[in-house]
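Participant: Before I ask anything, here is the structure I am working with.
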Amino acid sequence: MSQPEHSPRCLDAGTHAALRAEFPLVDTCVYLNSNSTGAVPRGGERVLHDYWETLRTWRDDVWQDWHVGLDRYADSVAALIGAPPGSVITDANLSTFLARVASCFDYHPPRNRVVITDLDYPTVPFIFRAYARYGAQLDVVGTGGPHLDQDALEARIDERTQLVCVPHASFTSGATMDLSRLVARAHRVGALVVVDAFQSVGVVPLDVTALGVDVVIGGSHKWLCGVGTGFLYVRPDLVPLLTPAATGWQAGDRALTFRPSPGWATGIRRFAGGTPYPPTSLISQIGLDLLLGVGIDAIRRHSLALTQRLLDRVDAAGIVVVSPTSIARRGGVVCLDIPDGEAVKRRLAARDVICSWRGYLRVGPHVYNTLDEIDLFMDALEEELHR
Ligand SMILES: Cc1ncc(COP(=O)(O)O)c(C=O)c1O
């Protein structure tokens, strides 16, 4: 099934004003940095206060409510990505989950290859290089630039491939991948697809069931408007076939008896580790509920309207755009090639105009931003470039 078409359109003014009022950060600056760290809604303050009260009056019973909260957040992520309830689990961060997933496989020839791209976040090659000691052979497909060459990637996937690990959206350019094509190619030769969706989930629609992807990993502190939580989705029919070696007692089939477990839990909990830290999921729930209330298609349309305004202004100013400009391949971020860009980023920050720098100037507006803020950013950028 293909993704629904989205055309740029801002949220209606009333809905947008009510949503924006939930994010105090946007009152302190022009915040266009959600690809790095998303704004967190004001409800987080209450959760932190309640957490302290829980610690101050500690009783072990609180774990019952905390487990409900952890499951609720995981199921909310599942709802956003088109996954069934009970197919997503959370832990500290994406890297923890990627290393855990990687530990499920035997890297014996002939199927010992892991195909990744040079657009993957650095944690991906770092983890799979470490698995070389168990026989994993890393194959990094070069792009020669910020856009992925999907033909080149698919040509490298064959019967020797155990895993293909790709970003849904690149952290340096926002460029998105045609996952349905990739999954078809990988499955044709018996390889599994792991998608790093940290830079897409929350701003770009992703339907994991329709796409048939095997594993999706991501996190809450960017486009999901949360904090400190990674998430993992595993295709439900694949779950019973995977047994992580990088594991912890909560993944055991007898975890709650506090005795050694002979095997792994039957569901997604087999990808758990040790004792979780619930406050981050509880805070992250607030932002995710707001996003689910707006709906991912409306968020995408709003995002496209903002990035389109940016692209139009950048074009008029003669600034080089690194990101794809087509709607089909554009993510939530627009990256600009600017001379002395890192210094420009710092000067913008001194004016309370916040974006990030990763070789390019990355401008990441989200659903709480306005077209006026794009104009404020561009006015400030043009002044800095011409001073
Ligand atoms: C695409 C992508 N993957 C992974 C990460 C890092 O994940 P974590 O720090 O949760 O392991 C980031 C950014 O922090 C990212 O942009």
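Participant: Using +1 at the C-beta of Lys and Arg and -1 at the C-beta of Asp and Glu, which of 174, 194, 357 has the Cα lying farthest in the positive direction of the dipole of the chain?
Facilitator: Result: 194.
Participant: Quick one: Cα convex hull volume of the stretch 229-387, Å³ per residue?
Facilitator: Details: hull volume 27.7 nm³, N = 159.
In the stretch 229-387, the Cα convex hull volume per residue is 174 Å³.
Participant: Another question, if that's okay. Which FRET efficiency value, to the nearest 0.05, do you get for residue 48 and residue 188 by plugging their Cβ-Cβ distance into 1/(1 + (r/R0)^6) with R0 = 41 Å?
Facilitator: Values: r = 49 Å, r/R0 = 1.19.
Calculated transfer efficiency: 0.25.
Participant: Could you tally the net charge around residue 98, taking each other residue with its Cβ under 12 Å from the Cβ of residue 98, Lys/Arg +1 and Asp/Glu -1? Write out the running numbers ahead of the final one.
Facilitator: Numbers: positive: 100; negative: 91, 120, 196.
In short, -2.
Participant: Just how many % of Cα pairs in the chain lie over 40 Å apart, if you round to the nearest whole percent? Walk me through the numbers before you get to the answer.
Facilitator: Working: 11910 of 74691 pairs.
So the pairs more than 40 Å apart make up 16 percent of the total in the chain.
Participant: What length, rounded to one decimal in nm, is gained on full extension from residue 55 through to residue 118, with 0.36 nm per residue of separation minus their alpha-carbon distance? Walk me through the intermediate numbers first.
Facilitator: Values: separation 63, 0.36 × 63 = 22.68 nm, distance 4.42 nm.
Stretched out fully, the residue 55 to residue 118 stretch lengthens by 18.3 nm.
Participant: Taking the chain as a Gaussian network, where each spring joins two C-alpha atoms under 10 Å apart, which residue of 296, 283, 127 fluctuates the most?
Facilitator: In the Gaussian network model the winner is 127.
Participant: At 0.36 nm per residue, minus the direct Cα-Cα distance, what do residue 67 and residue 152 gain on full extension? Give it in nm, one decimal, please.
Facilitator: On the way: separation 85, 0.36 × 85 = 30.60 nm, distance 4.40 nm.
Extending this stretch completely gives an extra 26.2 nm.
Participant: For the stretch 89-153 and the stretch 172-201, write down the distance between their C-alpha centroids in whole Å.
Facilitator: Going from one Cα centre to the other spans 12 Å.
Participant: In a shell of Cβ-Cβ distance under 12 Å around residue 270, excluding residue 270 itself, what net charge do Lys and Arg (+1) and Asp and Glu (-1) give?
Facilitator: With Lys, Arg at +1 and Asp, Glu at -1, the neighbours total +1.
Participant: With the chain treated as a Gaussian network of Cα nodes joined by springs under 10 Å, which of 232, 256, 288 yields the largest mean-square fluctuation?
Facilitator: The residue with the greatest mean-square fluctuation here is 256.
Participant: Go through the stretch 226-324 and name the chymotrypsin sites (Phe, Trp or Tyr not before Pro) that are in a DSSP coil and have 15 or fewer other Cβ atoms within 10 Å of their Cβ.
Facilitator: Working: sites: 231, 233, 249, 258, 264, 271; in loops: 258.
Passing sites in the stretch 226-324 are 258.
Participant: Let me ask something else about it. Net charge near residue 136: determine it from the other residues with C-beta under 14 Å of the C-beta of residue 136, scoring Lys and Arg +1 and Asp and Glu -1.
Facilitator: Numbers: positive: 111, 113, 129, 133, 160; negative: 106, 139.
Charge balance near residue 136 sits at +3.
Participant: At most 16 other Cβ atoms within 10 Å plus a DSSP loop assignment makes a site exposed; report the longest stretch of the chain without any exposed GluC sites (Glu not before Pro).
Facilitator: On the way: sites that count: 5, 159.
Between the exposed loop sites, the longest stretch runs 160-387.
Participant: How much length is gained if the chain between residue 337 and residue 245 is pulled fully straight, taking 0.36 nm per residue apart and subtracting their Cα-Cα distance, in nm to one decimal?
Facilitator: My answer for the length gained is 28.9 nm.
Participant: Post the alpha-carbon centroid distance, the stretch 244-310 to the stretch 338-385, in whole angstrom.
Facilitator: Taking the Cα centre of each part, the stretch 244-310 and the stretch 338-385 sit 31 Å apart.
Participant: Which residue, 285, 64, 137, has the most motion in a Gaussian network model of the chain that connects Cα atoms within less than 10 Å?
Facilitator: 64
Any read-out appearing in this document is the output of simple, stated calculations on the displayed coordinates, not a laboratory observation. Everything quoted here is computed from the prediction, not taken from an experiment. With ideal geometry, Cβ positions are generated from the backbone for all residues, glycine too; neighbour counts draw on all protein chains shown.
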